[in-house]
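Engineer: I am attaching a structure below and will ask some questions about it afterwards.
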There are 2 protein chains.
Amino acid sequence: MMSSAKQGGPVRPATSVWRPLGSDEIQLTGGIWQQKQQLNTEVILEHCETWMERVGWTGNFDRAAAGTIDAGLPGTEHAGIEFVDSEIYKLLEAMAWDLGRGHSASLEDRYQALASRVAAAQEEDGYLHTSFGRPGQPPRYSNLEHGHELYCFGHLIQAAVARLRTGHDDQLPQVARRLADHVYDEFGPKGRVAVCGHPEIEMALVELSRATGERRYLEAARLFVERRGTGTLGPHPFGQQYFQDDLPVRAATTLRGHAVRALYLASGALDVATETGDRALAAAVRHQWASTVARRMYITGGVGSHHQDEAFGDDFELPADRAYAETCAGIASVMLSWRLLLETGEDKYADLIERTLLNNVLASPSADGRAFYYANTLHQRTPGVAADDAHLASPSVASHRAPTGLRAPWFDVSCCPTNVARTLASVALYFATASDDGVQLHQFGDYQISTSLVAGPVTLRVSSGYPADGTIRVTVLEAPSRTPLRLRLRVPGWAHGACEASEPPVARTERSLEFRRIFHAGDEVRVAFPVRARVTYPDTRIDAVRGTFAVERGPLVLALESPDLPPRWSVDELTADPDSIATDEAGATIDVYRCAAAPAEWPYHARPDGRQVERVRTRLIPYHQWANRGPATMRTWLPLAERPAAG
Amino acid sequence: MMSSAKQGGPVRPATSVWRPLGSDEIQLTGGIWQQKQQLNTEVILEHCETWMERVGWTGNFDRAAAGTIDAGLPGTEHAGIEFVDSEIYKLLEAMAWDLGRGHSASLEDRYQALASRVAAAQEEDGYLHTSFGRPGQPPRYSNLEHGHELYCFGHLIQAAVARLRTGHDDQLPQVARRLADHVYDEFGPKGRVAVCGHPEIEMALVELSRATGERRYLEAARLFVERRGTGTLGPHPFGQQYFQDDLPVRAATTLRGHAVRALYLASGALDVATETGDRALAAAVRHQWASTVARRMYITGGVGSHHQDEAFGDDFELPADRAYAETCAGIASVMLSWRLLLETGEDKYADLIERTLLNNVLASPSADGRAFYYANTLHQRTPGVAADDAHLASPSVASHRAPTGLRAPWFDVSCCPTNVARTLASVALYFATASDDGVQLHQFGDYQISTSLVAGPVTLRVSSGYPADGTIRVTVLEAPSRTPLRLRLRVPGWAHGACEASEPPVARTERSLEFRRIFHAGDEVRVAFPVRARVTYPDTRIDAVRGTFAVERGPLVLALESPDLPPRWSVDELTADPDSIATDEAGATIDVYRCAAAPAEWPYHARPDGRQVERVRTRLIPYHQWANRGPATMRTWLPLAERPAAG
């Protein structure tokens, strides 16, 4: 365990097995992640900013500051649902991380302008929300079940922490301190015994406490975690598990209810456990993670199989074609796994971060960065309808509930685009950590690390063609000359221990390799993982995909998309031969058979139907790339072909 | 084609292939249907009446009449959501049909008292709704998308038609005429060009036109049907297909969107087509029925695979564990199929009525008639939680959205219990029809028919142990002495033409048998269908149940329920051998194997998992009987066992 004076990333525990790096310590230098981060800087940030200006969500702050919001006159109505403040805050957080990677005068100006508009709406006593408390609005804290006030505060605080961690204690951190002080007064030990319907403020308060040294914020977070599940929230039509008020956090054995809420709460609970040394609480969260991953997760790392309540289903209730697998839930899962990785040092958490980022989260933004998936289905049965000008003009039409099958530029509940933005802006911070005497590489790609160990500065360059290629080259640019450097690489779980190294490691497990020696500038360590396409079968209890298989290639889940099929073939009328897969540059190829189902008035028969009538070789693409070639159908789970009779 | 002066049942077209019977012409005499109808008379009607009194929905009418509803004072708020009026109307319809089967002074008193309270709330100009138009309420017709005003009117009108058809032109029919006149003025040829977000009034107005001879009501219904799909409704967050405003009725090729809405609309459209001789419209509805039945229907006849919007999914998107299969949608499907049966005389419509009534609709009420399923899943993964006193006290907790897994006594949206009540009260009217020279038996059970043909009166007794037993005995009690009687029986589709008859029919097809001769009192015709348990395989395009089979027995879908398994076995960890099924008295028995899935941290593996470790013989029960033995898990689709190696 160690502590650090570094600036740190989104999470900086007082104690952890490994020390997270700050944005001054790790930078992407190439590959898919740099390309996506570039897209974020150049397109997504502005896309979000422009949309929120257009639909009036940013303007809510101006009108709140001027006292002209919800003033009873036509045109004064608060724009958007009651938690759109949080989208501005997630954008501010994204901008802060992006600025932390490298100064941009124009982005700094945009950031400052936006932060000022937010700051202007803060009230005397620190409260800041555009939907509550003014004449004509519902009173403050009058609807804790659904009002999302503390949820929004949490996002403001996270944005402020990003600003602090990137070296600026300016306007937004000041606003956040005053807001957090208000929350402590209102909900702290002498305040009302209550929680917010949507967890989020818990982890935000812990991080602000970590960033400022103010223990009261941690105490408020602890109280919110302990009160959860004690019935402080009124009845919810979906049941109390929807917002995790059915059971105390430490009594629950799995994640349940609304997936984003469940994962934000678990993250906050672990943060509290870490800072207070509450081992029982930490163990409960680890157990919940494990049972969820074993029974309630899609192969992409996506979670949530219920559209209606955006919730986890029962164990093994994982229909591919009704996968909700909300982008924000994937991001929340990464946030939880990252905390558990820092806490325990166990590689399984980094495995899940890899799977979730590369498959679930990266599937959300379109290749051009101007449209997003909210839900990430694993099986698209009908080609979607392209978003048109009407969608652009009206976010309520491009609702997250509209089953268009295509990404949409904006949503009435638009949590995902800004969540993608803050994740891409800070993604490198999840790639590696440091210890007193070494560096740990958890994610692979192309990046450079410059950090200080006890024995002195270290600079490493990691380069690879990952995830398409499995060879990782670590070049030492600078290292202590007299003290051995400990260099640790995760062996991805999907490799099942298979890897080749350019030199013998000092320690090797199925999940990791460790090198330890004096390194000189120019020294290189090469490790290669087999990214061959491989077949994966689902647990028999996942009824919805019985009799099918998926194809994975390295960390990527592959998908069959209709543009790769001959005309008139359908992804819903074929089988595939798992023995025929071959790895190709980007994905794989496979033999598929077209199946002719006899026309029938009724889809249930005395004998199994479907006959393989035609064979073709087709491509499988990385799942996260799907739906970038126009409206299409797609499936990740391929029905097993019947073996043709020999001869 | 013929017309009739009989009173008729819920539907009485001016022209039809066969003439529907009235409640004076057919009565149940035994068997499962009489038992359920008795339960309705003795328990369900009063259960609904008591609940609606308790939760204030009936009181809304009193307060509306007194002008004290939504008066701005505490306690004056309208109770329940804005369409609870319709539940009172469906109860009144149920009572009317029940009274039509036989007089009961006490039920007549309750009926009159309730009808008077409704009548008192009617306004000067005929308008009648407890949620709109008074000071403090939204203006009339200010929210046609979601307000359900015309939907509620439709149910009032259907209740009035039931009263007329059972021989009483009293208070409620008068109220309905004034209301329908108001609707004609407001929305007729000179009124506003608009429709209701929830179809229902269309078929109600046609039936009132049929019952009263007033053509203006038909004209209003025709306008509502023709306006649908022309964009008169504002944008819906689920998309315009949700309330069928995406396409004109005659342009649609399948049912889509909210299932109850889609089926009520199709029923109303067919009624309009029948009365106006619009063959193209009738053909469009027939086509929609056919494509829906072939691709969007569960084996129980249930429809709707989306919980979120209570809607049809894509073709073949039919997950068993996320089946919504709303009871009301099943009832609506019966209403549509009945209309199509009268229109065409084709037995496939009677087949679907049988399947849907015996499996989807009958699954809703508990054996004691005091709790109901709103959604009818085909696979229950976790035992439900029994409804407790808290549920009884608060319908909003026993919400239709709460995934309790058990039937609930009442719901905040409580459309299903009253819909079950009106269906059970009138169910015999769907069993048989008459023509000039004969009688057609579409459904089997125990009932007596007394009607008049051209040649004179006919009385038949139908007796059977159906659906458990397949032998149907038709005893002639009275028949014309000099004119041959034509007696037609449907051969159920599931029998694939297999049946034995006690005498040679004059005509026989795979779907029907026809006898025609002079019958004398005491003559008996016996027909036997093979109700042996049989294996049914799903279309390969229904991904969610690939690699499984169902067991059916006669018209019944069977289910495996956990109380029939050894302790610690789970319905989710077994396979079953289709070659081992044997018919038993009530259902079937089958060999099932317990499958041990190795404990795993991640549910996706390089090799298929699951090993059959233990075999046991178990019962399968009729699906509609499930969840009457306490909290339980259940599945209708059984994973195919692997064949053990020979030797």
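The values are calculated or read from the model by the stated rules, or taken from the named source; none is laboratory data. This one's a predicted model, so the numbers in the text were calculated from it and none came from an experiment. Heads up, the Cβs are rebuilt from the backbone with ideal geometry, glycines too, and the neighbour counts pull from every protein chain shown. These accessible areas exclude ligands, DNA and RNA; they are computed on the full protein's heavy atoms, side chains included. Shrake-Rupley method; radii C 1.70, N 1.55, O 1.52, S 1.80 Å.
Engineer: Can you give the net charge of the other residues whose Cβ lies under 9 Å from the Cβ of A:Tyr264, counting K and R as +1 and D and E as -1? Let's see the in-between values first.
Structural biologist: Details: positive: A:Arg261; negative: A:Glu200, A:Glu202.
With Lys, Arg at +1 and Asp, Glu at -1, the net is -1.
Engineer: Starting at 0 and stepping by 20 Å, how many percent of the alpha carbon pairs of chain B end up in each bin?
Structural biologist: Computed distribution, short to long bins: 19, 53, 26, 3, 0.
Engineer: Distances from A:Gly630 to the same residue in each other copy, label points 7 Å out along Cα→Cβ, in nm, shortest first?
Structural biologist: 6.0
Engineer: While we're on this one: Sequence neighbours fewer than 8 away in the same chain don't count; with that in mind, list the aspartates and glutamates whose C-alpha is under 17 Å from A:Lys348.
Structural biologist: Of all the aspartates and glutamates, those that pass the test against A:Lys348 - Cα under 17 Å, at least 8 places apart if same chain - are A:Glu510, A:Glu514, B:Glu601.
Engineer: Another question, then. Which GluC sites (Glu not before Pro) in the stretch A:323-365 pass both tests, a DSSP loop state and at most 16 other beta-carbon atoms within 10 Å?
Structural biologist: Filter output for the stretch A:323-365: A:Glu346.
Engineer: What is the local net charge at B:Ala421, summed over the other residues whose Cβ is closer than 14 Å to its Cβ (Lys, Arg +1; Asp, Glu -1)?
Structural biologist: Its environment carries a net charge of 0.
Engineer: Along the stretch B:324-330, what does the Karplus equation 6.51 cos²θ - 1.76 cosθ + 1.60 (θ = phi - 60°) give for ³J(HN,Hα), rounded to whole Hz, x for Gly and Pro?
Structural biologist: Per residue, the Karplus-derived 3J(HN,Hα) values read 8, 6, 4, 3, 5, 5, x Hz.
Engineer: If you don't mind, another one. Determine the sum of side-chain charges near A:Gly465: Lys and Arg each +1, Asp and Glu each -1, restricted to other residues whose C-beta is under 12 angstrom from that of A:Gly465.
Structural biologist: Counting the neighbours of A:Gly465, the net charge comes to -2.
Engineer: What three numbers, in Å, describe the spread of the alpha carbons of the stretch B:40-101 along their principal axes, ordered from the longest?
Structural biologist: Taking the Cα atoms of the stretch B:40-101, the three principal extents are 44, 17, 17 Å.
Engineer: What is the calculated FRET efficiency for A:Glu642 to B:Asp368, with r their C-beta to C-beta distance and R₀ = 41 Å, to the nearest 0.05?
Structural biologist: Calculated transfer efficiency: 0.30.
Engineer: Stokes-Einstein D for the stretch B:527-591 at 37 °C, 0.692 mPa s, Kirkwood Rh over Cα pairs, in µm²/s? Don't skip to the end; give the middle numbers.
Structural biologist: Values: Rh = 13.2 Å.
Here the translational diffusion coefficient equals 249 µm²/s.
Engineer: Grab the Cα-Cα distance for B:Gln27 and B:Glu108, subtract it from 0.36 nm times how many residues apart they are, and report the gain in nm with one decimal.
Structural biologist: 27.2 nm
Engineer: List the aspartates and glutamates whose alpha-carbon lies under 16 Å from that of A:Lys190, not counting same-chain residues fewer than 8 positions away?
Structural biologist: By straight Cα distance, A:Lys190 reaches A:Asp181, A:Glu219, A:Glu226.
Engineer: Quick one: with all protein chains in place, what share of the accessible area of the stretch A:193-340 is carbon or sulfur, to the nearest percent (1.4 Å probe)? Before the final figure, lay out each step's value.
Structural biologist: On the way: 1730 of 3400 Å².
The computed percentage sits at 51.
Engineer: Still on this structure: Which residues, if any, in the stretch B:278-314 have at least 50 Å² less accessible area in the whole protein complex than in the isolated chain, probe 1.4 Å?
Structural biologist: Buried on complex formation: B:Ala294, B:Gln308, B:Asp314.
Engineer: Turning to a different aspect of this structure: Could you estimate the translational diffusion coefficient of the protein assembly as shown from the Stokes-Einstein equation, with Rh from the Kirkwood formula over C-alpha pairs, at 4 °C and 1.567 mPa s, in whole µm²/s?
Structural biologist: 39
Engineer: Now, a different point. Defining a contact as two alpha carbons under 8 Å apart and six or more residues distant in sequence, what relative contact order in percent does the stretch B:464-591 show?
Structural biologist: Numbers: 219 pairs, mean separation 30.1, N = 128.
In percent, rounded to a whole number, it is 23.
Engineer: Could you tell me which GluC sites (Glu not before Pro) in the stretch B:141-193 are loop residues by DSSP with no more than 12 other beta carbons within 10 angstrom of their beta carbon?
Structural biologist: Working: sites: B:Glu145, B:Glu149, B:Glu186; in loops: B:Glu145.
In loop regions of the stretch B:141-193 (DSSP not H, G, I, E or B), there are no sparsely surrounded GluC sites (Glu not before Pro).
Engineer: Which residues in the stretch B:409-438 place their backbone N less than 20 Å from a point set 7 Å from the Cα of B:Leu477 along the Cα-to-Cβ direction?
Structural biologist: B:426-435, B:438
Engineer: Calculated FRET efficiency, A:Ala194 and A:Glu124, Cβ-Cβ r, R0 22 Å, to nearest 0.05? The partial results should precede the final answer.
Structural biologist: Details: r = 22 Å, r/R0 = 1.00.
It comes to 0.50.
Engineer: Non-local amide H neighbours of B:Gln308 (under 5 Å, H modeled in plane, Pro and chain starts lacking H): which ones?
Structural biologist: A:Gln308
Engineer: Would you grab the residues whose amide H sits under 5 Å from the one on A:Val506? Only those 5+ places off in sequence or on another chain, please, with H modelled 1.01 Å from N.
Structural biologist: A:Glu514, A:Phe515, A:Arg516
Engineer: Further question: Please check which bits of the stretch B:437-478 a label hung off B:His520 would reach, taking the label as a point 7 Å along Cα-to-C-beta and the cut-off as backbone N under 19 Å.
Structural biologist: Residues B:457-461, B:474-478 fall inside that zone.
Engineer: Ok, one more. Could you compute how much accessible area chains B and A hide from each other, both sides summed, with a 1.4 Å probe? Nearest 100 Å² is fine.
Structural biologist: 5300
Engineer: Please list, in order, the residues from the stretch A:97-121 whose amide nitrogen is less than 15 Å from a point placed 7 Å along the Cα→Cβ vector of A:Ser450.
Structural biologist: A:101-103
Engineer: Over all pairs of distinct alpha carbons, what does the Kirkwood formula give as the hydrodynamic radius of the stretch A:330-377, in Å? Intermediate values should be presented prior to the final figure.
Structural biologist: Values: mean 1/r = 0.0876 Å⁻¹.
Mean inverse Cα-Cα distance, inverted, gives 11.4 Å.
Engineer: What does the convex hull of the alpha-carbon atoms of the stretch B:406-476 project to on average, in nm²?
Structural biologist: 6.7
Engineer: Still on this structure, please answer the following. Output, in nm with one decimal and in ascending order, the distances from the B:Ala586 label point to the matching label points of the other copies (7 Å from Cα along Cα-to-Cβ).
Structural biologist: From this label point to the equivalent ones elsewhere in the assembly: 5.9 nm.
Engineer: Under the Karplus relation 6.51 cos²θ - 1.76 cosθ + 1.60, θ = phi - 60°, what is the ordered set of whole-Hz ³J(HN,Hα) values for the stretch B:603-613, x standing for Gly and Pro?
Structural biologist: Values per residue, Gly and Pro as x: x, 10, 10, 6, 10, x, 9, x, 9, 6, 10 Hz.
Engineer: While we're looking at this one, here's another question. Calculate the radius of gyration of the Cα atoms of the stretch A:430-582 to one decimal place, then report Dmax, the largest Cα-Cα distance, as a whole number, both in Å.
Structural biologist: 20.0, 67
Engineer: Pairs of Cα atoms under 8 Å, at least six residues apart: use those to get the relative contact order of chain B, whole percent.
Structural biologist: Normalised by residue count, the contact order of chain B is 12 percent.
Engineer: Using a 1.4 Å probe on the heavy atoms of the protein chains only, list every residue of the stretch A:531-572 that has 30 Å² or more less accessible area in the complete assembly than in its chain alone.
Structural biologist: A:Tyr537, A:Asp539, A:Thr540, A:Arg541, A:Asp543, A:Ala544, A:Arg546, A:Asp572
Engineer: Rounded, prolate or oblate for the stretch A:1-67? Axes are the square roots of the Cα gyration tensor eigenvalues, ordered a ≥ b ≥ c, and the cut-off for rounded is a/c under 1.5. Walk me through the intermediate numbers first.
Structural biologist: Numbers: a/c = 4.45, a/b = 1.59, b/c = 2.80.
In terms of gyration-tensor shape, oblate.
Engineer: Calculate the length of the line joining the C-alpha centroid of the stretch B:571-592 to that of the stretch A:69-148, in whole Å.
Structural biologist: 60
Engineer: So, one more: I'd like the FRET efficiency for B:Ala280 and A:Arg607, computed as 1/(1 + (r/R0)^6) with the beta carbon distance as r and R0 of 35 Å, rounded to 0.05.
Structural biologist: Taking R0 as 35 Å, the efficiency between B:Ala280 and A:Arg607 is 0.40.
Engineer: Evaluate Rg over Rh across the stretch B:477-523, taking Cα atoms for both radii and Kirkwood's formula for Rh. Write out the running numbers ahead of the final one.
Structural biologist: Values: Rg = 12.0 Å, Rh = 11.6 Å.
Reported Rg/Rh (Cα atoms, Kirkwood Rh): 1.04.
Engineer: Provide, for q = 0.11, 0.14, 0.15 Å⁻¹, the log10 of I(q)/I(0) from a solvent-free Debye sum over equal Cα point scatterers in the stretch A:551-647.
Structural biologist: -0.35, -0.55, -0.62
Engineer: Exactly which trypsin sites (Lys or Arg not before Pro) in the stretch B:542-602 are in a DSSP loop and have at most 15 other Cβ atoms within 10 Å? Write down the numbers at each step before the final one.
Structural biologist: Working: sites: B:Arg546, B:Arg553, B:Arg568, B:Arg594; in loops: B:Arg546, B:Arg568.
The qualifying sites are B:Arg568.
Engineer: Ok, one more. 7 Å from Cα along Cα→Cβ at both A:Ile81 and A:Leu247: what's the point-to-point distance in nm?
Structural biologist: For A:Ile81 paired with A:Leu247, the spin-label model returns 2.7 nm.
Engineer: Between copies, how close do the A:Glu124 label points come, placed 7 Å along Cα→Cβ, listed in nm from shortest?
Structural biologist: Ordered by distance, the counterparts are at 5.2 nm.
Engineer: Under 5 Å between amide hydrogens, which residues at least 5 positions from B:Ala559 or on another chain qualify, with H placed 1.01 Å from N in the peptide plane?
Structural biologist: Residues meeting the amide H criterion: B:Ile621, B:Tyr623.
Engineer: Under 8 Å for C-alpha pairs, at least 6 residues apart: give me the relative contact order for the stretch B:161-300, rounded to a whole percent.
Structural biologist: For the stretch B:161-300, the relative contact order is 21 percent.
Engineer: How much area per residue is accessible in chain A when the probe is 1.4 Å and only protein heavy atoms are counted (Å²)?
Structural biologist: I get 33 Å² per residue for chain A.
Engineer: Report D for the stretch A:25-148 in µm² per second (integer): Stokes-Einstein, Kirkwood Rh on Cα pairs, 4 °C, 1.567 mPa s.
Structural biologist: Numbers: Rh = 16.0 Å.
In µm²/s, the coefficient is 81.
Engineer: Further, regarding this structure: Carbon and sulfur atoms: what percent of the 1.4 Å accessible area of the stretch B:519-647 do they account for?
Structural biologist: 48
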